[in-house]
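Asker: The structure under discussion is supplied below as structure tokens; questions concerning it will follow.
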């Protein structure tokens, strides 16, 4: 940051007069907050091009960047045109890429290095030109700053203009390199999060595939948990996190024998003890990960069978000792279990399901969550009404 500030002060130092200095300062004060706040690389390039154009009083100014995969130079910021692409060695910008040198050209059409293709595409006539290479932190050319057609009384750019563009290029290169790195890190983060989401749903599907009767259970629990979280007043980001973690609530079922998992009748005490162990099994599996989302899912998996009155399992947690995500998932899980047919029972009638939640308020479930469920019953229970209507239509 200090280095960038010094770069800007160097630009001011090129002023010939107080009036010129004031103009440059006004430009910098105008553009710097916008540049500092900008997160989009493409928008940042536009701002940098506009700054350069104003500083040297050019008709057009653009930042060409190297596309190493295609061995091309490209720009989206040449004023009044769409994206342009040229071979990496073409024209004045190509010369600056190849040599690392800045150019100051009075008449482009008298210089054999000029590439006419840009003018032909844009129906523009280039006269005076400046190019300055942008160097990254490793001293390698990453692009080229180009200003075209000096405006004002003097038709050509001066050495002072070139110095100003060169100083702006130093600042721009550092800013663009930082923005590019930030964009790459953000892209990597998005990819990692997408991978985690996919992994969660895959593992959730694996665990549920062992239970013949569950069908789309994990998806419904995820959506119901999300709605409960939103209606409860949690921020959208937290509600989404619960939605992503909820499919993992029964992951521990992968460690339960089929004979118990799919038993149609009542469990013996020994079988029930084995069945209850799935909460801790799932938690332990997920805790092996260091990923934040999976660790969060571990907490949810380990807590979704706890009860508000402390009579749940595996730890007998009570009230707010139970993680909120676990309390929310407990409501969603039981709502789906009661409202859906299972191998050991038919689906309960809608009113009976609602009555059971009201009855269990303050015992099995947090009262405020039951209130949220009942208040928003039509929206939350709507998915089961749809399923039941579809089943009735098929039966007919």
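Asker: Between residue 117 and residue 158, with labels modelled 7 Å along Cα→Cβ, what's the label distance in nm to one decimal, could you check?
Answerer: Each label point is offset 7 Å from its Cα along the Cβ direction, giving 3.6 nm.
Asker: Based on a Kirkwood Rh over C-alpha pairs, give the Stokes-Einstein translational diffusion coefficient of the range 195-395 at 25 °C and viscosity 0.890 mPa s in µm²/s.
Answerer: Estimated diffusion coefficient is 144 µm²/s.
Asker: I need to check one value: relative contact order of the chain, counting alpha carbon pairs closer than 8 Å and at least 6 residues apart, in percent.
Answerer: It rounds to 10 percent for the chain.
Asker: Taking 56 Å as R0, compute the FRET efficiency from the Cβ-Cβ separation of residue 358 and residue 189 and round it to 0.05.
Answerer: 0.85
Asker: Quick check on the range 339-390: take the gyration tensor over C-alpha atoms, sort the square-rooted eigenvalues as a ≥ b ≥ c, and tell me if it's rounded (a/c under 1.5), prolate or oblate.
Answerer: oblate
Asker: If one takes the longest principal axis of the Cα atoms in the chain, at what angle in degrees, from 0 to 90 and to the nearest 10, does the Cα axis of helix 236-245 lie?
Answerer: So the inclination is approximately 60 degrees.
Asker: Next question. Rounded, prolate or oblate: which fits the range 2-176 when a ≥ b ≥ c are the square roots of the eigenvalues of the alpha-carbon gyration tensor, with rounded for a/c under 1.5 and prolate only if a/b beats b/c?
Answerer: The shape class here is oblate.
Asker: What FRET efficiency comes out for the pair residue 391/residue 284, r = Cβ-Cβ distance, R0 = 41 Å, nearest 0.05?
Answerer: The calculated FRET efficiency here is 0.65.
Asker: Using a Gaussian network for the chain with springs between C-alpha atoms less than 10 Å apart, which of these wobbles most: 323, 247, 33?
Answerer: Among 323, 247, 33, the largest GNM mean-square fluctuation belongs to 33.
Asker: Within the range 138-174, name every residue whose backbone N is under 11 Å away from a label modeled 7 Å from Cα of residue 68 along the Cβ vector.
Answerer: 140-142
Asker: Could I have the simple spin-label model distance between residue 104 and residue 37, label points 7 Å from Cα toward Cβ, reported in nm to one decimal?
Answerer: Each label point is offset 7 Å from its Cα along the Cβ direction, giving 3.7 nm.
Asker: Based on DSSP H runs of at least 4 residues, each adding -39500 (n - 2.57), what is the mean residue ellipticity at 222 nm of the chain after dividing by all its residues, to the nearest 500 deg cm²/dmol?
Answerer: It comes out at -18500 deg cm²/dmol, rounded to the nearest 500.
Asker: Of all DSSP beta bridges in the chain, what percent run antiparallel (nearest 5)?
Answerer: Antiparallel bridges make up about 95 percent of those DSSP assigns within the chain.
Asker: Please compute the length gained on full extension between residue 259 and residue 20, using 0.36 nm multiplied by the number of residues separating them and subtracting their Cα-Cα distance.
Answerer: Once the chain is fully extended between residue 259 and residue 20, it gains 77.5 nm.
Asker: Given the Cα-Cα distance of residue 140 and residue 124 and 0.36 nm per residue of separation, how much length would full extension add, in nm?
Answerer: Between residue 140 and residue 124, full extension yields 2.7 nm more.
Asker: Enter the angle in degrees (range 0 to 90, nearest 10) between the Cα long axis of helix 292-303 and the first principal axis of the Cα atoms of the chain, meaning the one along which they spread out most.
Answerer: Once rounded, one gets 10 degrees.
Asker: As I understand it, the value is the acute angle between the Cα axis of helix 2-12 and the longest principal axis of the Cα atoms of the chain; what does it come to in degrees, rounded to 10?
Answerer: Result, in degrees: 30.
Asker: Starting from the Cα of residue 292, step 7 Å along the direction of its Cβ; do the same at residue 236; then give the gap between the two resulting points in nm.
Answerer: About 1.8 nm separates the two model spin labels.
Values quoted throughout were computed directly from the atomic coordinates according to the rules given, and no laboratory measurement underlies them. Given the structure is predicted, the values throughout are model-derived calculations rather than measurements. Every residue, glycine among them, receives a Cβ derived from its backbone with ideal geometry; neighbour counts consider all protein chains shown.
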